[in-house]
Amino acid sequence: MKALVLDGEFDPRPDYPVSEVEKKTHIARRGSNVWRHTRLEVREAPDPEVGLEDVLIQIHACGVCGSDLHLAEMDEDGYQIYPSWTRRPVIIGHEFAGKVAAVGSQVTDFKVGDLVTAEQLHWCGKCAICRKGLYNHCRNMGRLGFVTNGAFAEYVAVNERYVWNVNQLRDVLGSEDAAYEAAAVIEPTGIAYNGIFSRAGGFMPGATVVVYGAGPIGLASIALARLAGASQIIAFEIAPARQALARELGADVVRNPEELAKQGNSPHQVVMDLTEGSGADMHVECTGLPTIILPEIEQSLAVNSKVVNLGRRAGATPSALSIYQDTGSQSFGSLGHTGYGTFGNIIKLMASGRFDLRKMITARYALDRGADAITSLSNREGGKVMVKM
């Protein structure tokens, strides 16, 4: 089959204590310390093997995630930017939808012809963390598109426990193609859903919600906040195209932080002005720039407010902890999209006809141009980029 394969050199940094397991398996725990001179190439790859409990999915749409770009980007020493678990070579891509082409003999819930999507995080269900229900933090996590082969390909095989039926989206949206595109944004939407509702517990209808960064996860956060009853949604974003998307998906006020700085203003001042000095009830950080954003958040916390951290950045971030005590506010770390019925609930929202996130798709590429699709994200100006098969 044809696939977009990420390859590179296994060349651990001199100061990185590479393990024997990493040497043997070429699965790096800290990919940014191991993989060098990464390269992307569309080439022939073996067809997936279909296990007894596997669903073979013919891919029709796969979204490009920022992490896909970070897998391909390199630092000044030639090491990949993405810091976590990775293997080489690997077929990347993890935000996808397609049609069932075959099923293993023990599969019970899917049949050939079903439209489906699947989770990227493959929890074991057996470790102590999974037994607590905290599947996003599984100790034996499988990572589709990072460690196991992903979905920038003609086919992918996934254990049925991670697969979700989206036939109803075809019925609601009117075509299979529309259903594939909608289902391919469920995974990034799940990251926002998990953080805002499952981790932080959501907000009361009528609340003011601020979203920092209007990339795909920020846009999903805006759309979810609108659907959940926020009375005022404020978004901060630099890129003009993303500003327009933020408005289209439900933001009431959109401001450019760079323009504010030129005017001697700042995000926290905007929030305090728009809330008449009360501050916002929920702040959703999606930029991955906490050293810049957190001070703005902490100066515009409402009493009993919540901070949801969705963007990721290594290193320490100074925090004024006394502000959280004074306001009775809480900060929530959030990772992943699985568990808590997240995928199922998003599918039901989409099937209701009231939650269509295809609006965030701003570019489409064929698989043969998969590498171009990924590098197109480097300017960080558009919405969701989709690869179509």
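The values are calculated or read from the model by the stated rules, or taken from the named source; none is laboratory data. None of the values given here were measured: they were computed from a predicted structure. As a convention, Cβ positions derive from the backbone with ideal geometry for all residues, glycine included, and neighbour counts pool all protein chains shown.
What the table shows:
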quantity	calculated
Any hit, region 253-266, residues being among the hydrophobic types (A, V, I, L, M, F, W, C), within 19 Å of A220 (Cα to Cα) and either in contact with a Gly (Cβ under 7 Å, 6 or more places away or on another chain) or in contact (Cβ under 8 Å) with a residue 12 or more places away in the chain (or both)	yes
Residue check, A182 hydrophobic (A, V, I, L, M, F, W, C), at pLDDT 95 or above and within 15 Å of the chain's Cα centre (by Cα)	yes
When residues of region 352-381 are limited to those that are farther than 21 Å from A246 by Cβ and out of contact with any strand residue (DSSP E or B) (no Cβ under 9 Å at 6 or more places or on another chain), the one modelled with the lowest pLDDT	G353
Residue count, region 256-271 (criterion: under 25 Å from A200 (Cα atoms) and buried (at least 18 other Cβ atoms within 10 Å of the Cβ))	4
Number of the condition not met by R43 [criteria: (1) crowded, with 21+ Cβ neighbours inside 10 Å; (2) at pLDDT 95 or above]	(1)
Residue within region 261-273 that is among the charged types (D, E, K, R) and more than 20 Å from the chain's Cα centre (by Cα) present	yes
Set G190, G195: member being in contact with a Leu (Cβ under 8 Å, 6 or more places away or on another chain) and crowded, with 17+ Cβ neighbours inside 10 Å	G195
Subset of region 173-190 (residues that are within 11 Å of F343 (Cα to Cα) and among the aliphatic types (A, V, I, L, M))	A183, V185, I186
Filtered residue count, region 8-40, keeping only those that are within 30 Å of I361 (Cβ to Cβ) and under 23 Å from the mean Cα position of the chain (by Cα)	6
Residue within region 58-74 that is over 21 Å from the mean Cα position of the chain (by Cα) and over 25 Å from A184 (Cβ atoms) present	no
Those residues of region 120-138 which are in contact (Cβ under 8 Å) with a residue 12 or more places away in the chain and among the small types (G, A, S), in sequence order	G125, G133
Among the candidates I238, I233, residue that is surrounded by fewer than 18 Cβ atoms within 10 Å (Cβ to Cβ) and touching an Asp or Glu at 6+ places or on another chain (Cβ under 7 Å)	I238
Residue in region 88-108 that is at pLDDT below 95, surrounded by fewer than 22 Cβ atoms within 10 Å (Cβ to Cβ) and aliphatic (A, V, I, L, M) present	no
Cβ-Cβ under 7 Å pairs, at least 6 apart or on other chains, region 71-87 side without any contact (Cβ under 8 Å) to a residue 40 or more places away in the chain, far side in a strand (DSSP E or B) and hydroxyl-bearing (S, T, Y)	M74/T38
Strands (runs of 3 or more DSSP E) completely within region 27-135 that count 1 or more residues being within 19 Å of M1 (Cα to Cα)	35-44, 54-64, 95-103
S322 surrounded by 14 or more Cβ atoms within 10 Å (Cβ to Cβ), out of contact with any helix residue (DSSP H, G or I) (no Cβ under 7 Å at 6 or more places or on another chain) and of a type outside the set (D, E, K, R)	no
Of the criteria (1) surrounded by 19 or more Cβ atoms within 10 Å (Cβ to Cβ); (2) without any contact (Cβ under 8 Å) to a residue 12 or more places away in the chain, which one H337 fails	(2)
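Okay, residues lined up against (1) hydroxyl-bearing (S, T, Y); (2) in contact (Cβ under 8 Å) with a residue 40 or more places away in the chain; (3) touching a Pro at 6+ places or on another chain (Cβ under 7 Å); (4) at positive phi:
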position: D7; (1), (2), (3), (4): no, yes, yes, no
position: Y16; (1), (2), (3), (4): yes, no, no, no
position: H26; (1), (2), (3), (4): no, yes, no, yes
position: R39; (1), (2), (3), (4): no, no, no, no
position: R43; (1), (2), (3), (4): no, yes, no, no
position: V50; (1), (2), (3), (4): no, yes, no, no
position: V55; (1), (2), (3), (4): no, yes, no, no
